[in-house]
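Undergrad: Mind having a look at this structure? Questions to follow.
The values are calculated or read from the model by the stated rules, or taken from the named source; none is laboratory data. As the structure is a computational prediction, the values presented were derived from the model and not from experiment. We place every Cβ from the backbone using ideal geometry, glycine too, and count neighbours over all the protein chains shown. SASA here: full protein model, heavy atoms, side chains in, ligands and nucleic acids out. Shrake-Rupley method; radii C 1.70, N 1.55, O 1.52, S 1.80 Å.
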Amino acid sequence: MGIETSCDETAAAVVADGRNIKSSVVASQVQLHEKFGGVVPEIASRAHIEKILPVISAAVSEAGLQKSDIDAIAVANQPGLVVALIVGVTAAKTLAFIWEKPLVAVNHVHAHLQSAMLAEDNLQLPAVALIVSGGHTNIYQCTSPLDLTLLGSTIDDAAGEAFDKVATILRLPYPGGPAIEKIAKQGNAGAIDFPRSMLDRESLDFSFSGVKTAVLYYCRGQDMKGADRVASMTEQEIADIAASFQTAVVYVLVEKTKRAANRTNAKTVLLGGGVAANSVLREALLQMCQQTKRRLLVAPKPLCTDNAAMVASLAYYKYIAGDFADLSLEAKATS
Ligand code: KG4
Ligand code: ZN
């Protein structure tokens, strides 16, 4: 059984043999954070406390199992909001102790990668994995589910964070990623030439604060002294900004992934994390993979955003490897 509370989703799932999802229960807190335009850690923590036991019970009963059928309790203990992670970690340690099950600690970002590969029968490795979420933009080389080498990450904003902040600038609803994708469908992606930061030629790192600031200046003027034009913009103008921004971000994500795949002779490209739900990104990566004769494995949409099936799935490989945690396990903000 996996438990996930790293941000604003309380989730529990039961997965057999790392692949077969028996149940996956997710209680989203989106409505609680909506009016603040972002996740408020203390509100997230309190909601996790309220939801964690009902969510765990639902995951066990929806799987049609008894607690005696569970082999191990796994939890994402890093990275994330410590006040949120601590709820899942405490629940997992308590259950492991009371039910007398082994405890497995899982890295949340590594778990996102499982969402892309858990259903695959014929996984060709090595792979490069692009994990794009609200908190992370990482490229890994993956030689086995447990062997991940970080090749690049963001030096400032994560891709999802940039989507969320640009959505706030454009006065679109929270969470910003889906809202930008929706309005961008009616926009002209070539309308505005927003910067596509590649950093230096060799770099596999990302930087998205430049494109976010470019959108801000476009809407408020270079010196930020102009009136906020967004209120008086037509829906078409907003759609054009959203589409142009999305194209700039997707371009960088795809180019860097291609760079990493070429450098490591990857046979497969894996895509996971909340931003992997974005259809434009999925399509652009697919085209790149077709051109470079690689297989693309994308997480199914319900498994792109935070869930516990990915936690239980990764935990299976750690369980097989005998990699267990003990009751001193702590929640950590970074990995
Ligand atoms: O993986 P996730 O649920 O949580 C973190 O671990 O951060 O990712 C949430 C992020 C948010 O920033 C959200 O705006 C973004 O994923 N997101 C999207 C889309 N759906 C969710 N970004 C772009 N397009 C989408 N369709
Ligand atoms: Zn996540």
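Undergrad: For the full complex of protein chains and a 1.4 angstrom probe, list ILE155, ILE183, ILE21 by accessible area with the highest value first. Don't skip to the answer; put the middle values down first.
TA: Details: ILE155 105, ILE183 25, ILE21 65 Å².
Sorted by accessible area, descending: ILE155, ILE21, ILE183.
Undergrad: Using a probe of 1.4 angstrom, how much of the accessible area of the chain is carbon and sulfur, in percent?
TA: Details: 7590 of 14720 Å².
The computed percentage sits at 52.
Undergrad: For THR154, list long-range residues whose amide hydrogen, built 1.01 Å from N in the peptide plane, is under 5 Å from its own amide hydrogen.
TA: For THR154, the qualifying residues are THR137, PHE206.
Undergrad: Same structure again: Pop out the ³J(HN,Hα) list for region 179-194 in order, Karplus 6.51 cos²θ - 1.76 cosθ + 1.60 with θ = phi - 60°, rounded to Hz; leave Gly and Pro as x.
TA: These are the phi-based 3J(HN,Hα) values: 5, 5, 4, 5, 6, 5, 4, 9, x, 9, 5, x, 5, 10, 8, 6 Hz.
Undergrad: If you don't mind, another one. How many angstrom lie between the Cα centre of region 194-268 and the Cα centre of region 107-179?
TA: Cα centroid of region 194-268 versus Cα centroid of region 107-179: 16 Å apart.
Undergrad: While we're here: Need one number: % antiparallel among DSSP beta bridges in region 123-299, to the nearest 5. Intermediate results must be reported in sequence, preceding the final value.
TA: Numbers: 12 of 22 bridges.
Antiparallel: roughly 55 percent of the beta bridges in region 123-299.
Undergrad: Another question, if that's okay. Can you give the accessible area per residue of the chain, in Å², using a 1.4 Å probe? Numbers along the way, then the final one.
TA: Details: 14720 Å² over 335 residues.
Here the per-residue accessible area is 44 Å².
Undergrad: Could you tell me the center-to-center distance, by alpha carbons, between region 295-334 and region 10-89 in angstrom?
TA: 12 Å
Undergrad: Applying the Karplus parametrisation 6.51 cos²θ - 1.76 cosθ + 1.60 with θ = phi - 60° to the phi angles of region 206-216, what ³J(HN,Hα) value in whole Hz is obtained for each residue in order, glycine and proline being reported as x?
TA: Each residue of region 206-216 in turn: 10, 9, 10, 6, x, 5, 5, 5, 4, 5, 4 Hz.
Undergrad: So, in nm, how far is label ASP147 from label LEU286 when the simple model puts each one 7 Å beyond its Cα toward the Cβ?
TA: Inter-label distance under the simple model: 3.1 nm.
Undergrad: Still on this structure, please answer the following. Name the most mobile residue of LEU271, LEU281, LEU65, meaning the one with the largest mean-square fluctuation, in a Gaussian network model of the chain with Cα contacts below 10 Å.
TA: Looking only at LEU271, LEU281, LEU65, the largest GNM fluctuation is found for LEU65.
Undergrad: Which percent, nearest 5, of DSSP beta bridges in the chain are antiparallel?
TA: Working: 24 of 41 bridges.
Of all bridge pairs located within the chain, approximately 60 percent are antiparallel.
Undergrad: Only Cα pairs within less than 10 Å get springs; with that Gaussian network setup on the chain, which residue of TYR140, TYR218, TYR174 has the largest fluctuation?
TA: TYR218
Undergrad: Compute the Cα gyration tensor for region 69-171, then decide on rounded, prolate or oblate, letting a ≥ b ≥ c be the square roots of its eigenvalues: rounded whenever a/c is under 1.5, prolate when a/b is larger than b/c in the other cases, and oblate in all that remain.
TA: On the way: a/c = 2.48, a/b = 1.28, b/c = 1.94.
Oblate, since a/c reaches 1.5 and b/c is not below a/b.
Undergrad: Say each of LEU327 and ASP69 gets a label point 7 Å from the Cα, pointing the same way as Cα to Cβ; how far apart are those two points in nm?
TA: Computed distance between label sites LEU327 and ASP69 equals 2.8 nm.
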